[in-house]
Each structure stands twice: as structure tokens, then as C-alpha cells.
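Structure first, then comments.
The values are calculated or read from the model by the stated rules, or taken from the named source; none is laboratory data. In this text the structure is predicted, and so the values were computed from the model without any measurement. All Cβ positions, glycine included, derive from the backbone under ideal geometry; neighbour counts span all protein chains shown. Heavy atoms of the whole protein, side chains included, go into the accessibility calculation; ligands, DNA and RNA do not. Shrake-Rupley method; radii C 1.70, N 1.55, O 1.52, S 1.80 Å.
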Amino acid sequence: MFSAHAERIELCLFDAAGRREIARLPMPECTDEVWHGYLPEARPGQLYGYRVYGPYEPRHGHRFNPHKLLLDPYARQLSGEVRWSDVLFGYRVGAGRADLTFDRRDSAPAMPKSVVVDDSFHWGDDRAPCVPWDRTVIYEAHVRGLTMLRQDIAPRERGTFAALADPRVVDHLQTLGVTAIELLPIHAYLQDRFLVSKGLRNYWGYSSLGFFAPEPRYLIEPWMRNELKVAVRRLHAAGIEVILDVVYNHTCEGSEMGPTLSWRGFDNASYYRLMPGRSATTSTTPAPATR
């Protein structure tokens with residue numbers, strides 16, 4: 001894990017249900033600001049998170065709080081959902097000094113967990129079609145919205161990567177003359193607190209929780225991670241490229257008043273662009289969007 005300002009990082013292991021923390025293992029080495037270690041007993045399915053120790057000095061951009069369990073920014077799979085409460089914030093919500101305060105409650109019970117996965121997959125002779133730009137026709141689509149109303153798709157599969165790989169959907173794209181499908185965010189994203197409080201849901205996915213883990217709602221079952229790979233392989237075989245819409249200019253942690261879920265807890269001053277002079281605290285400012 002990269003952290004330029006951390007003083008200590010602990011790997012936290014959880015039981016199969018994700019409710020009980022069963023071990024805290026210090027990361028033993030730090031090389032060029034990358035903390036690392038090797039856990040030979042780790043197997044696919046192991047649930048884990050991190051706790052990071054360092055200064056809590058918002059005026060200088062540092063917001064370390066080891067009481068807050070952090071998701072691995074490079075996790076390939078997540079288990080569980082964020083359960084909204086004030087415990088997810090590194091400061092005491094509602095306090096007079098706002099984010100200059102420090103919250104010591106453990107956030108683990110309210111946090112999803114990262115999952116160790118087996119990334120093996122038989123790609124065969126798969127390769128991207130590499131259609132020249134002057135012949136490229138891009139079809140922008142939302143994985144869930146694309147197939148939710150299709151009566152010819154099994155109800156259990158509608159709105160999932162499995163439906164995206166369905167031969168009838170692939171045939172439809174070919175009939176349209178599409179050479180590339182651009183998928184709106186398919187990586188794990190947060191159901192924002194203000195939406196949940198109103199009984200609403202984040203539909204578009206522009207509130208990134210993990211850039212390398214597929215959004216669980218798009219899988220028939222959370223453990224069926226190869227659904228996406230199968231869809232990509234089948235689309236490639238049909239001559240259709242796959243483009244992912246990914247926005248890096250903000251995350252689900254929001255401004256300095258947002259929760260501590262991952263990047264902020266690992267090293268706020270490194271992962272986010274600070275805005276000096278704006279106030280006594282720090283904030284994030286957009287970098288150019290990347291698609």
C-alpha cells in the first residue's frame with residue numbers, strides 16, 4: 001500500500017461473515033513509501049481491511065485515524081455494503097470544531113470488506129478488435145438499464161454482466177452497426193447518504209468506492225466475478241470493443257467533510273489535491289476528468 005506519511009499500517013483479517021475481526025498484522029516493510037508484506041496463509045475468500053496510523057492534522061492535510069477500517073484501493077472484490085452512520089467519519093459529526101475533532105469509534109461494523117480473489121481466467125485467443133477510429137461507432141450504455149426491460153432475458157440475469165454477454169444482446173449491437181460499447185461506471189460505487197436518507201439510489205455510478213472491483217449489483221451472485229470477463233470475451237469475438245467510463249476527479253469520500261472509507265485514511269495529502277488558503281481545513285479539487 002502506498003502512503004507517504006503513514007507511521008504504521010495494519011492488515012486486519014475478518015471471519016467469513018465479515019462481522020468479527022480475527023487478527024491485526026503490522027505491515028513489516030516500507031520501501032519508497034510503499035508498505036508491504038507477505039501473508040502465505042491468505043486464500044481466495046479471505047475478508048480483510050486496513051488501519052493506518054499517522055498524524056491527524058487537518059490543517060496540514062493529514063487525516064489518519066486507525067479507528068476507521070479502510071478498503072483496499074486495489075481490491076478486486078468487495079463484500080457487504082456501507083451502513084451509514086456517523087461512525088464512518090474521521091471526525092465527530094456535529095461537533096463545534098467540525099473536522100478538526102477526532103472520532104475514536106471503530107467503523108469496521110459499518111464497513112464492507114475487501115476480498116482476496118482468484119484472478120485466473122481462460123481468455124483463449126481473445127484480443128481487442130482494434131477498429132480504426134475512422135470506422136468506430138460507439139454505443140454508450142448503462143449495464144443495468146441496457147437489459148432490465150428485455151423480456152427475452154431471464155429475470156435473474158437482467159441488468160447484469162451475464163445479460164450483456166447474452167447472444168441476443170450481442171446480436172442487437174451488431175445489427176445497429178456498433179463497433180464499440182462504452183459502459184458507464186461498472187466498478188464498485190457508493191450509495192450516497194443523502195440519497196439513502198430519501199429512499200433513493202445512485203443509478204449512474206459516479207461515486208467511486210473501488211476502481212478495481214466490479215459493482216456487486218451487476219453480478220448475478222457476488223462471487224461470480226468472471227461474468228464481466230465472459231462478456232468482454234464474447235463482445236470481442238463479435239468484433240465489438242469495450243470502453244470503460246472511469247472518472248478520477250473525485251471519489252465517494254467527497255470533500256474534507258466526507259467519510260473516511262479508503263484513500264483519505266491511507267494518506268489524504270497524497271491521494272487528494274489540497275486547496276491551501278481556502279480555509280483552516282483541507283479539501284479536494286477536481287483534476288481533469290478521464291474517460
Query raised in the report: Looking at G90, G37, which one is surrounded by fewer than 14 Cβ atoms within 10 Å (Cβ to Cβ) and of a type outside the set (A, V, I, L, M)?
Result: G37
Query raised in the report: For the subset of region 212-249 comprising residues that are assigned to a strand (DSSP E or B) and surrounded by fewer than 17 Cβ atoms within 10 Å (Cβ to Cβ), which member is nearest to the chain's Cα centre (by Cα)?
Result: F212
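Regarding F266, is this residue open to solvent by 40 Å² or more (accessible area, probe 1.4 Å), under 29 Å from G49 (Cα atoms), at pLDDT 95 or above and not aliphatic (A, V, I, L, M)? Write out each step before concluding.
Details: open to solvent by 40 Å² or more (accessible area, probe 1.4 Å): no; under 29 Å from G49 (Cα atoms): yes; at pLDDT 95 or above: yes; not aliphatic (A, V, I, L, M): yes.
The answer is no for F266.
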Report task. Report yes if A180 is open to solvent by less than 70 Å² (accessible area, probe 1.4 Å), of a type in the set (G, A, S), in contact with a helix residue (DSSP H, G or I) (Cβ under 6 Å, 6 or more places away or on another chain) and over 22 Å from L88 (Cβ atoms), otherwise no. Result -> no
Query raised in the report: Can you tell me which residues in region 10-34 are of a type in the set (D, E), in a strand (DSSP E or B) and surrounded by 12 or more Cβ atoms within 10 Å (Cβ to Cβ)?
Result: E10, E21
Query raised in the report: Can you name every residue in region 166-184 that is within 18 Å of L244 (Cβ to Cβ) and either modelled with pLDDT under 95 or hydroxyl-bearing (S, T, Y) (or both)?
Result: T179
Report task. Would you check which residues across region 107-124 are open to solvent by 50 Å² or more (accessible area, probe 1.4 Å) and out of contact with any Lys or Arg (no Cβ under 8 Å at 6 or more places or on another chain) and list them? Result -> D118, S120, H122
Report task. Within region 68-96, track down each residue that is in contact (Cβ under 8 Å) with a residue 40 or more places away in the chain, out of contact with any strand residue (DSSP E or B) (no Cβ under 9 Å at 6 or more places or on another chain) and not in a loop (DSSP other than H, G, I, E, B). Result -> L88
Requested in this report: Read through the list (1) surrounded by fewer than 19 Cβ atoms within 10 Å (Cβ to Cβ); (2) closer than 22 Å to R217 by Cα; (3) touching a Pro at 6+ places or on another chain (Cβ under 6 Å), then give the number of the only condition that L78 fails.
Outcome: (1)
